[in-house]
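Reading through the C-alpha cells given below for one structure.
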Amino acid sequence: MGRVKRTLAPYLLVLPGGLWLLMFFAVPMATMLSLSLQEGDIVNGYVFTGHWQTYVEAISDYQTQLIRSLVYGVIATIILIVLAFPAAYWIAFYGGKRKATYLFLLLLPFFVSFVLRTISWRLILTDDGFLLHPLKEAGLLPENFHILGTPAAVIGGLVYNFLPFMVLPIYVALERIDPRVVEAARDLYASPITAFRKVILPLAVPGVFAGVLMTFIPVSSDYVNSEVLGSSSTTMIGQVIQSQYLSSSNYPTASALSFTLMTVLLIGVFAYARALGTEDVMKVAAR
Amino acid sequence: MTATLEAPPTRTVKVRRRFGGVQLMHVYTWLIVLWLVLPIFVMILFGFNDPSGRYNQTWQGFTLKWYRELFALDDLTSALILSLVIAVAASIISTALGTGIGYALGRYKFRGSGGMNLIMFATMSSPELVMGASLLTLFVSLGIGLGPITITIAHVMFSISFVATVVRARVLTLDRSIEEAAADLGANAWTTFWKVTFPIILPAVFSGFMLAFALSVDDFVVTNFTAGTSITFPLWIWGATRVGLPPQVNVMGTLIFAAGVLIAVLTNLKSRPKKNAA
C-alpha cells in the first residue's frame, strides 16, 4: 500500500499544474494551428478546410515586417552579448562581496512596469526633450535630428529592456568557473588573451546560449518597443499580429503569422545551437 | 592575486596593465547600471512635475500635487486594483500548482518527467505574443467571454513553470538525511513533509510566489490578448500613451518601484543575519 502511494505521489503532485498547462498552453497552440487552416469569419464561424494558402498570403503580405523583426532581433541580440559580457565578467570575477548588490542594481528596471519604462525612454529621446533639445540649442546636433521613430530607437529600447536577461545567464556561467583553472592556464604560459580565449570563453558559451534563448525570442516578437519608440517604417511582426487579432479580428491570418513567427524563431534557435555545437538544447536550457 | 607577491618584476608590469582593464570594466559596469536606472529616474522625477498642458513631457516646476491626488483618476485606480487582485489570485494558484510540479520533479524519478520538463521549457521560451494569441483563439472558439477570469487563467499558465523551476532547484539541493532522521525518530511521511521538508523549501516557495506576483502585475502582452474590455494597470498606461500620460501614473510607478525594492531588500536582509553573525 505504501509503495503504491509512493509511486502515485509524483503523478498526483504534477497532475493539477500539468493539466493547467495542457489546457491553457498545449490545447490553445493546437487550436491556433487548426484555426490558421480554417476559413470563414468571426460572425458566421470558421470551417476547417486545410486552407494552407493563408500562410502563403500572410507571409507574402507581411514578409517585410517578418524579416525586419528577425533582423532587429539578431542585431539587438548581438549588441546584448557585447554589452552584457564585460559587466557579467567584472561582477563574476571582481565583484567580491558586493556581487549580489551589483546583480540587484542590474535588476532594478524590473521593479518598473515594462510599458512604463519604455514610455520613459520616449520622454528622454523626444525631439524637444531634455536630452536632444540642449544639444540642438548648442549646435551640436542639426535642428532636424531625431532618434524617435528610427530603427536605432527601437533596437535601443529592445536592448535596454532585455539587458538583464543577457547579463544574468552569462554571469552564472562565469561565476561557476574555478579561478584555479584560469591560474593553471596562466602558469602554463598562456597570455591573458589566450587564457581568456581558450579557457574562459568556452566555459561561458552555455551562459551566452541561455542568454540568447532568453532574449532573441522575446525581442523578435516584441511589439511594445516598436509601437512606443518607432514609426511606420519600423513596424515589427508583433504589431501586425496584434492588430490582425485585436483590431481586424482576422483570426486565420493572425494565427498563421503567429505560427510562422514561432516556427522561424525555433528554427533560428536550434540552428544557433547546432552552430555552437550544443547538441542538446534542452539540457543547456534546463541548467 | 597571491601569485603577484612572488612574481618577478617583469611580470608586475603586465599585472598593472591588467589592473587598468579591470578598473575600466568596473567603470563600465557602473555606466550600465546608470543606463538601466536612467528611465526610472526620469519616471520618478516627472511624478513631481507640474505640467501646464496635457503632456507631461517637459519640466515645468516641482509639485507634490500628484501624490495628494494619487487616486483622483477613478479608472486608473480601478485598473491598479484589478491588477493587484489578479496578481494575488494568479500567484496563489500558480504557487500551489507550480510547487507540486517542482517538488515532484526534484524528488521523484517518474515516467513523464521528461515531458513535464519539456512543456515547462516550452512555456518559458515561447513568445508571449504567441501564447496570448493562442489563448485568445481558444477562448474565442469556445465562446468564453474575456475578462478578469481569463486574464488570471493566462497569468497562472505562464507563472507555473517559473515557480516549479525555483522550487525544483531547492528540492534538488535538499539534504535527504534530515528527512531520514525524522523518519528514524518515528515521524510518518505526512509529518515529515510538513514539519521538516516544507519549512526547508518554504523560502523557494515564497520566491516563486513573489516571482509569479511580479510577472502577473507587470504583464502586458498576454493580458492585452486575454483582457477583452477589462483594463489592468499596464493596459491603462498603454491606452493613455496616445493622449498623454497623467503624472499619477509616474507616482504609482514610483510607489510600486519603492515597495518592490523595499520588499526585495527586506527579504534579502532577513535571510542574511546568519552570515553576518559568523
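The values are calculated or read from the model by the stated rules, or taken from the named source; none is laboratory data. These figures come from a predicted structure and were not determined experimentally. Cβ: placed from backbone, ideal geometry, glycine included. Neighbour counts: every protein chain shown. Note: accessible area is taken over every heavy atom of the protein model, side chains too, but ligands, DNA and RNA are not part of it. Shrake-Rupley method; radii C 1.70, N 1.55, O 1.52, S 1.80 Å.
Computed values, structure above
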quantity: Qualifying position, being at positive phi, at pLDDT 85 or above and within 12 Å of chain A (Cβ to nearest Cβ), among B:Gly228, B:Gly253, B:Gly244, B:Gly260; calculated: B:Gly228
quantity: Which numbered condition A:Asp222 misses (of (1) within 12 Å of chain B (Cβ to nearest Cβ); (2) part of a helix (DSSP H, G or I); (3) in contact with a Gly (Cβ under 9 Å, 6 or more places away or on another chain)); calculated: (2)
quantity: Residues that are acidic (Asp, Glu) and more than 14 Å from chain B (Cβ to nearest Cβ), drawn from region A:104-150; calculated: A:Glu143
quantity: Residues being over 16 Å from B:Arg242 (Cα atoms), within 13 Å of another protein chain (Cβ to nearest Cβ) and open to solvent by 60 Å² or more (accessible area, probe 1.4 Å) - total across region B:51-62; calculated: 2
quantity: Filter pass, A:Gly95 being among the small types (Gly, Ala, Ser), surrounded by 15 or more Cβ atoms within 10 Å (Cβ to Cβ) and within 18 Å of B:Met25 (Cβ to Cβ); calculated: yes
quantity: Any chance B:Leu82 is more than 11 Å from chain A (Cβ to nearest Cβ) and either modelled with pLDDT of 95 or more or open to solvent by 20 Å² or more (accessible area, probe 1.4 Å) (or both); calculated: yes
quantity: Candidate set from region A:104-124 (those that are aliphatic (A, V, I, L, M) and touching a Gly at 6+ places or on another chain (Cβ under 8 Å)); member that is modelled with the lowest pLDDT; calculated: A:Leu123
quantity: Residues that are within 23 Å of B:Pro39 (Cα to Cα) and under 29 Å from the mean Cα position of the chain (by Cα), drawn from region B:58-68; calculated: B:Trp66, B:Tyr67
quantity: Single residue of A:Thr77, A:Thr31 found to be facing another protein chain (nearest Cβ under 10 Å), open to solvent by less than 50 Å² (accessible area, probe 1.4 Å), under 18 Å from B:Leu129 (Cβ atoms) and within 26 Å of the chain's Cα centre (by Cα); calculated: A:Thr31
quantity: Boolean, A:Phe104 is open to solvent by 40 Å² or more (accessible area, probe 1.4 Å), in contact with an Asp or Glu (Cβ under 9 Å, 6 or more places away or on another chain) and assigned to a helix (DSSP H, G or I); calculated: no
quantity: Candidate set from region B:139-157 (those that are buried (at least 23 other Cβ atoms within 10 Å of the Cβ) and within 8 Å of another protein chain (Cβ to nearest Cβ)); member that is farthest from B:Phe206 (Cα to Cα); calculated: B:Ala154
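Condition check ((1) within 10 Å of chain A (Cβ to nearest Cβ); (2) open to solvent by less than 70 Å² (accessible area, probe 1.4 Å); (3) modelled with pLDDT of 85 or more; (4) out of contact with any Lys or Arg (no Cβ under 9 Å at 6 or more places or on another chain)) across all residues:
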| site | (1), (2), (3), (4) |
| --- | --- |
| B:Tyr28 | yes, yes, yes, yes |
| B:Asn49 | no, yes, yes, yes |
| B:Leu64 | no, no, yes, yes |
| B:Phe71 | no, no, yes, yes |
| B:Leu105 | yes, yes, yes, no |
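Rundown of residues vs (1) acidic (Asp, Glu); (2) open to solvent by 50 Å² or more (accessible area, probe 1.4 Å); (3) touching a Ser or Thr at 6+ places or on another chain (Cβ under 8 Å), yes/no style:
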position	(1), (2), (3)
B:Asn188	no, yes, no
B:Lys195	no, yes, no
B:Pro199	no, yes, no
B:Pro203	no, yes, yes
B:Ala212	no, no, yes
B:Asp218	yes, no, yes
B:Asn224	no, no, no
B:Thr229	no, yes, no
B:Ile237	no, no, yes
